[in-house]
Amino acid sequence: MGLRDKYAYAIETAKGKFDGSAQEKDGKVHFVGSVKTEEEKNELWMAIKTIPEWKNDIVADIKVTGGGAAKAQRSYTVKSGDTLSAIAKQHLGDANKYMKIYEANRDQLSDPDKIKPGQVLKIPS
């Protein structure tokens with residue numbers, strides 16, 4: 001399996017947002033280009049970091065061009081009985097988008113099935 005295959009999720013995440021390329025050379029994947037918002041940059045980095053060895057495999061120069069106003073970050077405080085899919089349905093209109101919420105909160109969530117009342121989650125746009 002090549003590095004582009006290993007990082008297929010990150011490359012797929014970049015499509016439509018990333019104006020640049022992800023080239024495999026010298027035993028690393030080089031992400032060079034730009035995105036419009038800091039949120040898009042963070043989304044791409046979160047996708048890259050799903051692979052534990054990313055520090056050994058990735059060289060990235062991702063710039064934010066600021067094309068358009070950035071949307072305000074929304075948040076949600078978890079209540080007893082909540083699930084990520086229920087929160088996704090309420091805030092994103094589709095229960096199947098629960099992984100977007102999970103990815104936006106990887107700094108505090110290790111498992112999409114383990115959320116706790118009182119946690120404040122970032123809700124992506």
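The values are calculated or read from the model by the stated rules, or taken from the named source; none is laboratory data. Just so it is clear, the model here is predicted, and its values are computed rather than measured. Positions of Cβ are generated from backbone atoms using ideal geometry, with glycine treated the same way; all protein chains shown enter the neighbour counts.
Okay, here's what the table says:
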{"read-out": "Subset of region 18-69 that is β-branched (Val, Ile, Thr) and not in a loop (DSSP other than H, G, I, E, B) - its residue that is surrounded by the fewest Cβ atoms within 10 Å (Cβ to Cβ)", "value": "59"}
{"read-out": "Cross-chain or 6+ apart pairs with Cβ under 7 Å, region 99-113 first and more than 13 Å from residue 13 (Cβ to Cβ) and in the same structural domain as residue 78 (by TED's automatic domain parsing), then surrounded by 11 or more Cβ atoms within 10 Å (Cβ to Cβ) and among the basic types (Lys, Arg)", "value": "105/122"}
{"read-out": "Matching residues in region 18-69 - criterion: being hydroxyl-bearing (Ser, Thr, Tyr) and within 23 Å of residue 125 (Cβ to Cβ)", "value": "34, 37, 50, 65"}
{"read-out": "Selection count, region 99-125, where residues are on the phi < 0 side of the Ramachandran plot and either more than 12 Å from the chain's Cα centre (by Cα) or in a loop (DSSP other than H, G, I, E, B) (or both)", "value": "18"}
{"read-out": "Boolean, residue 11 is touching a helix residue (DSSP H, G or I) at 6+ places or on another chain (Cβ under 7 Å), aliphatic (A, V, I, L, M) and not in a helix (DSSP H, G or I)", "value": "no"}
{"read-out": "Residues (within 18 Å of residue 51 (Cβ to Cβ), surrounded by 12 or more Cβ atoms within 10 Å (Cβ to Cβ) and hydroxyl-bearing (Ser, Thr, Tyr)) located in region 91-111", "value": "102"}
{"read-out": "Pair list, Cβ < 6 Å and 6+ apart or interchain, from region 33-54 residues that are modelled with pLDDT of 90 or more to residues that are outside any loop (DSSP other than H, G, I, E, B) and of a type in the set (Gly, Ala, Ser)", "value": "33/20; 44/14; 47/10; 48/10"}
